[in-house]
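Before any comments, here is the structure.
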Amino acid sequence: MDSLFDSLEEGEDRQERLAELARQVSVCTRCDLALNRTNTVFGTGDPYSPLMLVGEGPGENEDATGLPFVGRAGKLLDDILAAVRLTRQDVYLTNIVKCRAAVQEGGRMKNRQPRAGEIKACNPYLQGQLDAVKPEIILCLGSPAAKTVIDRDFKITRDRGKWYDLDGIKAMATFHPAYVLRQRGEDLDMAKRAVWKDIQNVYAEYQRVLEARE
Ligand code: URA
């Protein structure tokens with residue numbers, strides 16, 4: 001991944017670095033997603049957290065507010081974090097693309113997955129966030145984030161819950177909360193159980209990092 005910035009120097013302020021990156025994102029025209037956006041959605045949370053969560057991209061609610069994960073999937077994400085007594089203020093939360101990907105269907109705009117070219121165009125911003133926040137743990141939410149951050153051949157049903165080493169960063173992917181919400185019956189139970197197991201493992205690692213920092 002190419003970055004717009006070099007890795008953050010010691011003493012350089014992360015908030016400032018991220019604010020400058022967010023300003024660049026707010027006027028970005030690197031891909032056509034810029035044409036239909038209401039707001040860019042950069043990222044939120046603690047820039048000093050050891051844990052970065054990476055989702056797919058803004059949907060309708062996020063586009064309207066400029067904030068990540070504010071719809072139903074966001075509520076489930078809060079519940080997932082709450083299962084290990086974390087809040088979104090304890091983590092840094094962002095997406096692989098910063099603008100809503102949508103398609104016209106039946107007279108209205110419907111969310112769609114971002115295309116490879118859109119993800120690639122946005123990648124320097126994600127890399128800039130990684131360089132600024134320097135997370136020690138990354139949790140990818142869903143397949144597009146896992147394929148972008150961990151491995152292009154990542155298969156979410158096969159590979160979720162496994163730890164990967166990304167140049168010293170421990171990375172894992174779990175099911176996207178929106179995917180979980182689409183499941184029914186036994187599939188819903190299985191998806192929830194998997195995500196709950198994954199977040200426990202991520203939390204154990206998060207605790208380990210915090211203890212090592214003390
Ligand atoms: N889904 C995502 O992946 N990201 C958001 O910000 C909202 C929904």
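A few notes on this one:
- Across the chain, the mean sequence separation of Cα contacts (distance under 8 Å, 6 or more residues apart), normalised by length, yields a relative contact order of 23 percent.
- Tensor-based shape of the range 131-173 (alpha-carbon gyration tensor, a/c under 1.5 rounded, otherwise prolate or oblate): prolate
- For the range 31-83, size of Cβ-based charge dipole, Lys and Arg +1, Asp and Glu -1, in debye: 40
- Protection proxy ranking of 50-60, 159-169, 176-186, by the mean of other Cβ atoms within 10 Å over each peptide's residues and highest first, is 50-60, 176-186, 159-169.
- Ranked by how many other Cβ atoms sit within 10 Å of their own Cβ, fewest first, the residues V25, V97 fall in the order V25, V97.
- Cross-link partners for K170 among the aspartates and glutamates, with Cα-Cα distance under 12 Å and sequence neighbours closer than 8 places in the same chain left out: E136, E205.
- Table column - 3J(HN,Hα) (Hz), the range 46-52, Karplus curve with 6.51, -1.76, 1.60, x for Gly and Pro: 8, x, 9, 5, x, 10, 10
- Cross-link partners of K192 among lysines (Cα-Cα below 17 Å; sequence separation of 8 or more within a chain): K75, K162
- The range 1-130, dipole about Cα centre (Lys/Arg Cβ +1, Asp/Glu Cβ -1), debye to the nearest 20: 680
- Burial ordering of F154, F175, fewest other beta-carbon atoms within 10 Å first: F154, F175
- Share of pairwise Cα separations in the range 108-214, more than 16 Å, in percent: 64
- Approximate spin-label separation N39-M190, in nm, with each point projected 7 Å along Cα-to-Cβ: 3.8
- From phi via Karplus (6.51, -1.76, 1.60), per-residue ³J(HN,Hα) for the range 66-76 in Hz, x at Gly/Pro: x, 10, x, 6, 9, x, 4, 5, x, 5, 5
- The range 14-213: C-alpha gyration tensor shape, a/c 1.5 cut-off, then a/b vs b/c: oblate
- Cβ crowding within 10 Å, taken as a proxy for footprinting-reagent exposure, orders C140, C122 from fewest neighbours to most as C122, C140.
- Fraction of antiparallel bridges per DSSP, the chain only, in percent to nearest 5: 45
- FRET efficiency estimate (nearest 0.05) - Cβ-Cβ, T29 to Q207, R0 45 angstrom: 0.60
Here, each number is a calculation from the coordinates, and none is a lab measurement. What you see is a predicted model; the values in this text were computed from it and never measured. When we count neighbours, we look across all protein chains shown, and the Cβ atoms used for this are built from the backbone with ideal geometry, even at glycine.
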